[in-house]
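Notes to accompany the following structure.
Just so it is clear, none of the values below were taken in a lab; they were calculated from the coordinates. On a predicted model such as this, the values are computed, not experimentally measured, just so you know. Here Cβ is always computed from backbone atoms with ideal geometry, including for glycine, and neighbour counts include all displayed protein chains.
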Amino acid sequence: MAGKRQPVVKIRLQEELLRKLIVMSEAEGRTLNNQISMLARNAVAYHERAKGKLDTKAVAAVDLSEFFEEETE
């Protein structure tokens with residue numbers, strides 16, 4: 001049974017920043033994907049501590065359809 005589909009986000013980074021993120025992730029025993037996910041979670045947590053919780057209804061209303069890849073069988 002396949003796992004739950006997750007959205008895919010492609011980002012453009014400067015080469016030096018990408019290299020630093022790779023070194024960080026290796027030093028912390030994470031994949032690059034997991035390192036970036038952890039950094040994003042920390043950024044959201046910081047934002048919510050500093051500026052208040054994000055509106056749950058607004059978050060739920062965000063359309064993510066463009067971030068799901070087409071399924072191929």
query: Efficiency by 1/(1 + (r/R0)^6): what FRET value for Glu69 and Arg49, r their Cβ-Cβ distance, R0 = 25 Å, to the nearest 0.05?
result: 0.15
field: Projected-area mean, the chain, by convex hull of Cα positions, square nanometres
entry: 7.7 nm²
Extension gain (nm, one decimal) between Lys20 and Ser37, 0.36 nm per residue minus Cα-Cα: 4.6 nm
message: Suppose only helical runs count, i.e. DSSP H with n ≥ 4. What mean residue ellipticity at 222 nm does that imply for the chain under -39500 (n - 2.57) per run, divided by all residues and rounded to the nearest 500 deg cm²/dmol?
response: -16500 deg cm²/dmol
